[in-house]
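Report on the following structure.
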Amino acid sequence: MRKRVVSARMMAAVVLAFVSSPVTISMVRAEDWPTRPVRVLIPFTAGGTADMLGRLAAEKLSAAFGQQFVPENKPGASGLIAAADAANAAPDGYTLFVSGVGGLIISSAISSNPPADVVTGYTHIADFGGPPAVLVANKDIPARNLAEFVAYAKANPGKLNYGSPSPGSLANLAFALFQKEIGIALQNVTYRGASQAMTDLMGGHIAATSTALTSAAGTIVGGKVRPLAITSRKRVPDFPDIPTFAEQGFPALVAEVWFALSGPPGIPVEIVRKLNAALVQAWQEPDTRHRLARDAIDPPAYDVAAFAEFYRTENEKWGPLARQVIGVEK
């Protein structure tokens, strides 16, 4: 009888330990998730590409899961304020953030104290895709194309400035490469987001800026700024009059300002797969494709493994180049 009692007690202890173990709890949470609102941190100010894509993703995920995904703008440190918040959050799927080639990869590369390792310090969930970058000038600058802009800059050394929506943005890196290649140096005015840079550009406070096409599209259509070059491989159908950098003699300046959904490390794989599948499907919906097409955004349908590999290769490509061209901030 005593042996049976001991065995029963031992069995009860084993069951209790299993039920209360982190693995079991995470499995239950993953199965039931989400049961409350999910924060989606956006690392830049309202009005830019990260904001547009983050809000669109939150809208689609809210519809897919029947639970609110709440966008929250949290700008600062070229995107790393939001990244740090997400990296240190509980890995339960209730804190996510909009990451990307600029706001995480390049910003981390040029930071002397990044919040986490770009690849292993986060969970990378799904690709948003992104637009090409465009170089736009103030209409008062007497330059109607890239060659005239270069000539004007060289004729006025030290007199021109340009707005950087973020020192860590891919658009800023592309413009830094462009300046280095042609031998000019414009004074850099740093902003906390593309919308602020575009406002100052239209107001005549800066001569030019390089930003995502999405952020500049409205002002280009309205004729308020002058587009000089775009980083796409070929001209964008909705903006056929903007020549590419490549066709103007700069083949190295071909790039896409892509964004993504990421979160803290250790989010249960079941939650990650749910999110990835929901977004891959959402990006293929006709209304979504129509909204993104004007800005030449075509999100790839990466699964979780393929997207993790994409993030790794992009980090290896842009991180060292950013440190070489921009340097590490003090």
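Read the figures in this text as sums done on the coordinates, not as results from a lab. Please read these numbers as outputs of a predicted model, since none were measured by experiment. Don't worry about glycine lacking a Cβ; one is built from the backbone with ideal geometry, like all the others, and counts go over all protein chains shown.
For this structure, a couple of remarks:
- Net charge in the neighbourhood of residue 217 (other residues with Cβ under 15 Å of its Cβ; Lys, Arg +1, Asp, Glu -1) is +1.
- Potential lengthening of the chain between residue 285 and residue 159 amounts to 40.6 nm, from the contour at 0.36 nm per residue minus the alpha-carbon distance.
- Using the rule -39500 (n - 2.57) for each DSSP H run of four or more residues, divided by the residues of the chain, the 222 nm mean residue ellipticity is -13500 deg cm²/dmol.
- Gyration tensor (alpha-carbon) shape descriptor, segment 141-206, a/c threshold 1.5: oblate
- Rounded to the nearest 20, the Cβ-based charge dipole of the chain about its Cα centre (Lys and Arg +1, Asp and Glu -1) stands at 640 debye.
- For segment 70-101, the residues whose amide N sits under 20 Å from a probe point set 7 Å from the Cα of residue 324 along the beta carbon direction are 101.
- Extension gain for residue 233-residue 190 works out to 12.7 nm (0.36 nm per residue, less the C-alpha to C-alpha distance).
- Cα gyration tensor shape for segment 133-248, rounded if a/c is under 1.5, else prolate or oblate: rounded
- Fluctuation leader among 222, 319, 100 - the chain, Gaussian network, Cα springs under 10 angstrom: 222
- Distance between segment 256-330 and segment 119-156 - C-alpha centres, whole angstrom: 20
- The relative contact order of the chain, computed from alpha carbon pairs under 8 Å that lie at least 6 residues apart in sequence, is 25 percent.
- A full extension of the chain between residue 309 and residue 36 corresponds to an added length of 95.2 nm, given 0.36 nm per residue minus the alpha carbon distance.
- Charged neighbours of residue 143, selected by a Cβ distance under 12 Å, balance to +2 (K, R count +1; D, E count -1).
- Considering only 149, 215, 104, the residue lying farthest towards the positive end of the dipole of the chain is 104, judged by Cα position with unit charges set on Cβ.
- Volume per residue for segment 19-168 equals 140 cubic angstrom (convex hull of Cα atoms).
- Based on Cα contacts under 8 Å between residues 6+ apart, segment 133-248 shows a relative contact order of 37 percent.
- Kirkwood's formula applied to the C-alpha pairs of segment 109-173 gives a hydrodynamic radius of 15.4 angstrom.
- Remark: spin-label model distance residue 293-residue 65 equals 3.0 nm, labels positioned 7 Å along the Cα→Cβ axis.
- Semi-axis lengths, largest first, of the ellipsoid equivalent to segment 190-284 are 32, 18, 13 Å, with √(5λ) applied to each eigenvalue of the Cα gyration tensor.
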